[in-house]
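Here's the structure we're looking at; comments come further down.
Every read-out reported here was derived from the displayed coordinates using simple, explicitly stated rules and does not represent laboratory data. Because the structure is a prediction, the values reported are computed rather than measured. Cβ placement follows ideal geometry from the backbone for every residue including glycine, while neighbour counts extend to all protein chains displayed.
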Amino acid sequence: MRLFRITILFVIALTGVILLTRQVQVGPELAERGEALGVAAPAGSRLNAILTSSQTDAGDEFAAAIPVTMHVSELSLEPRAAELSVEQELDSPLSLAEQAERQQAALDLPPDPQIQIASAGPEPNAPILGVNFAALDYAETATNAPPDPEIAVGPNHIVAVVNVAIQIYSKTGSDATAVIPANNFFGTHPDCDEGLLYDPNVVFDEEIGRYLIGFDMGPFSTEGGYCLAVSQTSNPTGAWFLYFFHLNNNSTWVDFPQAAVTDSYITVTGNLFDYVPSPSTNYMGAKIWAFNKSQLYAGGAVVPQSATLGDDYFTMQPLHLHGVAESTWPRHGQRIYFLADQFDGAHYSLFVWEPGNVPVLVNEINLGQGGFPINVPQNGPGLLRANDYRLLDFEYRNNYGWLTQTVSCNPGGGTSNCLRWAQILLVNGQLGPAGSGTYGSSSEHRIYPDLAINRCNDLVIGYTKSSTSSFPGIWFTGRKQLDSAGTLQAEAQLKAGEIAYTSFASDPSPHRWGDYTGMTIDPDGLRFWYIGEYSKDIATASRWGTYIGAFTYPNCQPINVTDR
């Protein structure tokens, strides 16, 4: 992702990425790996075929990462320097011209009777809003845009991250810490001290009781990589181990990292781009890294393992596990599941991988054609960018993985941006009983969804919604386990937008709104927590704010969770 960093004295422009060529990587036959992992091969799958676009990265040579220790109470809360920063371009396997062509094709989509038309809620059995409060905003975060908010929740605390700041809250919404600049949080580690941080991740490991915060560092730099912090207990206001993993190399750099907790590893995926000067930087494939949990949590030396998919795939989403409190945490052992996006708006591939071996294709999934997202209107001047239809999450619950993304669709009155979601059975990559669906309405745009699933198999999806008659605000919908397949409930508003969104002069319309928002499930398996983005009426160069809300379904009972 291209970031522009504007200090008081000067501007450093980091070049953008446009695809001109493709390179195919050849991997070995996968049938024996499928048998070894006990994966059922569905009829018509390619599991027992030669998959020419995956490989294990046995040739990668990673130096052992040694952590340093940091305590939150010792951090400076003052930003390093007065600066403005705006993410100016989302890196893509498509050139700008190709993206424009797909947007134009989306504008010509015919009406689709399969689209579920969104309606106003909430319904009687809808998720109930509980604790909710204003969180990080532009004015508090060393002046960066867009925010890319994510959230993790443990027994007693909430950790929220944005570009480029961190704040910890109690579960009643009170501040447990002040806003912490990300450079200060990671500044104790010499390899993360001066680098450009972006694309934040935060997750909580229910099994062991640890928080993990990660930031991509050093775009378009051979010295860049991933800064990863691991809490030493389930109290995120205490001590942390800080790691730096040198994931960039002389051939490629990593963009759009996505993190997840698995049974034995912390996994991070990313998109790879080469260093050919803009505008001819090339997309080179998608990659996954596995970091041993036991070594991370002990503060030991860690050497990651990795595997690469060729450039037929884009944006891998690792499966994030849940279910410890209700004893449904899966015992996957060394196995890691992930989805890979074929970036055509229709086809997705479920893989299972044991580090040290080649990823195994479980099944290819066809969700039907979704259009490339289009620019989003608001009540006022300027448009918002909806980016593209890459996968935005892959969450585990009770033997299924759930995905979500933004696509464009035509509900009957012209093209708008819509939510798409699906439930996937992990053993064979087939749709689960909830099925899949596309949710939208004419002249209203829903973008950057994220989802979570409770212990009762109920779903909540949060997202941004905007139209010519409304400011960008935060909305949510959901479904109960026994709701009709392929359907969501009526939607409700969490936080209204307050003003037409504007941003830096260097970020003209269509403005960069973000890359993702964040939702997770509480370790109790009951409460959903969402951090979304809305246009906030603040007198700053970029008018974004974030807001956190908790939701429960009335008929799903809680389980007590204590600190570990």
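Residues of segment 472-508 with amide nitrogen under 16 Å from the 7 Å Cα-to-Cβ point of Glu123?
Residues 476-493 fall inside that zone.
Share of antiparallel DSSP beta bridges in the chain, in percent to the nearest 5? The partial results should precede the final answer.
On the way: 148 of 156 bridges.
Expressed as a percentage, antiparallel bridges in the chain total about 95.
Quick check on packing: order 447-453, 382-388, 342-348, 404-410 by the mean number of other C-beta atoms within 10 Å, highest mean leading.
Values: 447-453: 26.3, 382-388: 21.6, 342-348: 18.4, 404-410: 24.1.
Packing order, densest peptide first, comes out as 447-453, 404-410, 382-388, 342-348.
How many angstrom lie between the C-alpha centres of segment 92-119 and segment 454-475?
First find each Cα centre; the distance between them is then 20 Å.
Sequence-distant or interchain residues sharing an amide H contact under 5 Å with Ser95, placed H: which?
Leu19
Please give the charge dipole size of the chain, origin at the Cα centre, charges +1 on K and R Cβ atoms and -1 on D and E Cβ atoms. Round to the nearest 20 debye. Intermediate results must be reported in sequence, preceding the final value.
Numbers: 28 positive and 57 negative charges, 175 e Å.
Value, rounded to 20: 840 debye.
What does the net charge come to around Thr252 if you take all other residues with beta carbon closer than 9 Å to its beta carbon, with K and R at +1 and D and E at -1? Don't skip to the answer; put the middle values down first.
Details: positive: Lys287; negative: Asp274.
Spelling it out: positives minus negatives among the neighbours equals 0.
What full-extension length gain, to one decimal in nm, is calculated for Val276 and Ser294 as 0.36 nm per residue of separation minus the Cα-Cα distance?
On the way: separation 18, 0.36 × 18 = 6.48 nm, distance 3.82 nm.
Full-extension gain reported as 2.7 nm.
Among Ala135, Asn357, Ala492, which residue has its Cα positioned farthest towards the positive end of the charge dipole of the chain, with +1 placed on the Cβ of Lys and Arg, -1 on the Cβ of Asp and Glu, and the dipole taken about the Cα centre?
Value computed over the given set: Ala492.
What residue among Pro381, Trp513, Gly401 has its Cα farthest toward the positive end of the dipole of the chain, where the charges are +1 on Lys, Arg and -1 on Asp, Glu, each on the Cβ?
Result: Gly401.
By count of other Cβ within 10 Å, fewest leading, how are Glu444, Glu78 ordered? Mind dumping the intermediate values first?
On the way: Glu444 22, Glu78 9.
Sorted ascending by nearby Cβ count, the order is Glu78, Glu444.
Which far-off residues, 5 or more places away or on another chain, put their amide H under 5 Å from the one on Phe394, with H placed in the peptide plane?
Amide H to amide H, under 5 Å and 5 or more residues apart or across chains, Phe394 pairs with His320.
So what are the three principal axis dimensions of the chain from its Cα atoms, in whole Å, longest to shortest?
Per principal axis, max minus min of the Cα coordinates gives 60, 54, 54 Å.
Farthest toward the dipole's positive end in segment 2-552, which of Phe245, Ser76, Gln334, given Cβ charges of +1 (Lys, Arg) and -1 (Asp, Glu) about the Cα centre?
Gln334
Which whole-Hz couplings ³J(HN,Hα) result when phi for each residue of segment 145-157 is put into the Karplus expression 6.51 cos²θ - 1.76 cosθ + 1.60, θ = phi - 60°, listed in order with x for Gly and Pro?
8, x, x, 6, x, 9, 9, 9, 9, x, x, 10, 9
Would you mind getting me the FRET efficiency between Thr233 and Gln334? Use the beta-carbon distance for r and R0 = 41 Å, nearest 0.05. The partial results should precede the final answer.
On the way: r = 26 Å, r/R0 = 0.64.
FRET efficiency, Thr233 to Gln334: 0.95.
Under 20 Å from a label point 7 Å along Cα→Cβ of Leu107: give me every residue in segment 419-458 with its amide N that close.
441-447
Apply the Karplus parameterisation 6.51 cos²θ - 1.76 cosθ + 1.60, with θ equal to phi minus 60°, to every residue of segment 507-516 and state each ³J(HN,Hα) to the nearest whole Hz, in sequence, with x for glycine and proline.
Once θ is set to phi - 60°, the couplings for segment 507-516 become 10, x, 4, x, 6, 6, 8, x, 10, 6 Hz.
Where the centroid of each part is defined by its Cα atoms, how far is segment 395-438 from segment 289-345 in Å?
Between the Cα centres of segment 395-438 and segment 289-345 lies a distance of 20 Å.
Residue by residue through segment 426-443, what is 3J(HN,Hα) from phi via Karplus (6.51 cos²θ - 1.76 cosθ + 1.60, θ = phi - 60°)? Round to whole Hz and write x for glycine and proline.
In residue order, the calculated couplings are 5, 5, 9, x, 8, 4, x, x, 6, x, 9, x, 10, 10, x, 7, 5, 6 Hz.
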